[in-house]
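Each remark here refers to the structure printed beneath this line.
The values are calculated or read from the model by the stated rules, or taken from the named source; none is laboratory data. Because the structure is predicted, anything quoted here is derived from the model rather than measured. Cβ sites come from the backbone with ideal geometry, for glycine too, and all protein chains shown count toward neighbours. For accessibility, only protein heavy atoms count, side chains too; no ligands or nucleic acids. Shrake-Rupley method; radii C 1.70, N 1.55, O 1.52, S 1.80 Å.
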Amino acid sequence: MTSKDEPDHGPRLSGEEYDRAIVALYSDMPPVPSRQQRRELRRRELDLAIDHRLGRGFPRARRDALWAVQQKVERRRLRLMFKYLLRRFFSKSLVRDAQGLAGYLVEAYATVLNQAELEQFFGREEARHPALPIDPEQLGK
C-alpha cells in the first residue's frame, strides 16, 4: 500500500525477489560475456531495479529514458575508473569527481523521475544529498 505522496506504479519486487532475479541474471551469463551481453545485462539490471524500487507498472517509455540516462552516466563512470587506475596522479580530484558522479546520477535521473520517484528509487537522504561512501585514505593504496 502506498501513501498519497508515494508514486504508485503497481506492485514492486520484494527484496528477496529482487535478489533472486539478480542472482539468476548473473547465473545465466557466460564466463566471458560479449560487449552486447554486458550491455543487455546492465539494461536488465536497471529494469529489475525499477521493478523493485518503483513498481512493475513503471511505463516503458520512461524506462527507456532512464536507460538513455544510464548510458551517459556509464561513460562518466568509465572516465572515473581510468582516474582511479592513475590515482597517484589524480588523488585530489578523484574524491571530488566520485562525489560529483553521485550528484550527476541523481540530477540525470531527475530529468525522468519526479522528486517522489527519485526518493523512492534512491532513498530520501540520497536523493536530496547524493554522496558515495568514500574513504579518501583508502584511495591512495
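Checking each residue in the range 107-141 for being in a loop (DSSP other than H, G, I, E, B), surrounded by fewer than 16 Cβ atoms within 10 Å (Cβ to Cβ) and modelled with pLDDT of 90 or more picks out 110, 111, 114, 123. The residues in the range 1-51 that are under 15 Å from residue 117 (Cα atoms), within 19 Å of the chain's Cα centre (by Cα) and open to solvent by 90 Å² or more (accessible area, probe 1.4 Å) can be counted, and the count is 1. Of all residues in the range 7-24, those that are in contact (Cβ under 8 Å) with a residue 24 or more places away in the chain have Cβ atoms under 7 Å from Cβ atoms of residues that are of a type in the set (Gly, Ala, Ser) and assigned to a loop (DSSP other than H, G, I, E, B), 6 or more apart or on another chain, in 8/55; 9/55; 9/57; 10/55; 10/57; 11/55; 12/55. Of the residues 21, 49, which single one is closer than 24 Å to residue 102 by Cβ, assigned to a helix (DSSP H, G or I) and out of contact with any Phe, Trp or Tyr (no Cβ under 7 Å at 6 or more places or on another chain)? From the options 21, 49, the qualifying one is 49.
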